[in-house]
Amino acid sequence: MAHQPSHQPLDQLDPHHELLHEHGDHVILRMSTLAGVLGALLFFTVLTVGQARAEIWANETFHIHIPQIINALIVLTIAVIKASLVALFFMQLKYDSPLNGVVFVFCIVAVGLFLGFSMIDLGTRNAIQDYKAGEIQQGGLGISVPDRVNTENKPITEWSRLARIQHIVDQAEKGEIKLDGLSAEQYYWQVDRPRFVHEHVSHEPVRSTAQQSRPPEPLGPALFEPEPAEHPAHEGH
């Protein structure tokens, strides 16, 4: 007697039928299923971008500030839905052995635990030192050392740029430099900073090699006030 298959295709007339095998064999999905999943992914992508633009529009038009925790929950929920669609249909976990689904979920939970334990101190990082609070950004969140420097909680790069611009204003008022119709900030970007970079940065490549580590290009001249260089008199060449 010929062996009869234990499972029958959903549509006998469709050569690309969705057929679930006992041992998790490869499944050929209908084109309509793939197109539907693709449409759902594109929809949620547009929804993510629209949510970000709607937040900016609400803030600028009605001065409504949406808390960051709400924004994070919305975008993370959309991301979880999209990832679930990809895992269920494109990775075919929906048609695979349940054990593979359990392993996949276990891996996701494990990654969540690693990330969660690394973020448990986000709300208490400023308990001892204030400058450790807030988001990580270029130049940090500033420093405050009594009787030495106070960046007013601004990133060091921004504070140094503003300090240099103020120094240019002071020099212009004393007649030490001429702005030639430029504002102090324009003078900083067009004259002062390029001159500083040209005089104090080597023209050697900044990329490090296996034999030598090279420092990156400085971000601005006002992190310190360099002493005027004393150039010895050169004799005729």
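The values are calculated or read from the model by the stated rules, or taken from the named source; none is laboratory data. None of the values given here were measured: they were computed from a predicted structure. Please note: Cβ atoms are built from the backbone with ideal geometry, for glycine as well, and neighbour counts cover all protein chains shown.
Tabulated values for the structure
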| read-out | value |
| --- | --- |
| Condition check for Phe117: more than 20 Å from the chain's Cα centre (by Cα) and exposed (fewer than 13 other Cβ atoms within 10 Å of the Cβ) | yes |
| Which numbered condition Ala163 fails, given (1) in a helix (DSSP H, G or I); (2) small (Gly, Ala, Ser); (3) at pLDDT below 85 | (3) |
| Residue within the stretch 13-29 that is assigned to a helix (DSSP H, G or I) and modelled with pLDDT of 85 or more present | no |
| Verdict on Ile108 being more than 21 Å from Met31 (Cα to Cα), in a helix (DSSP H, G or I) and without any contact (Cβ under 8 Å) to a residue 12 or more places away in the chain | yes |
| Matching residues, the stretch 58-99, being over 26 Å from Leu42 (Cα atoms) and at pLDDT 90 or above | Leu99 |
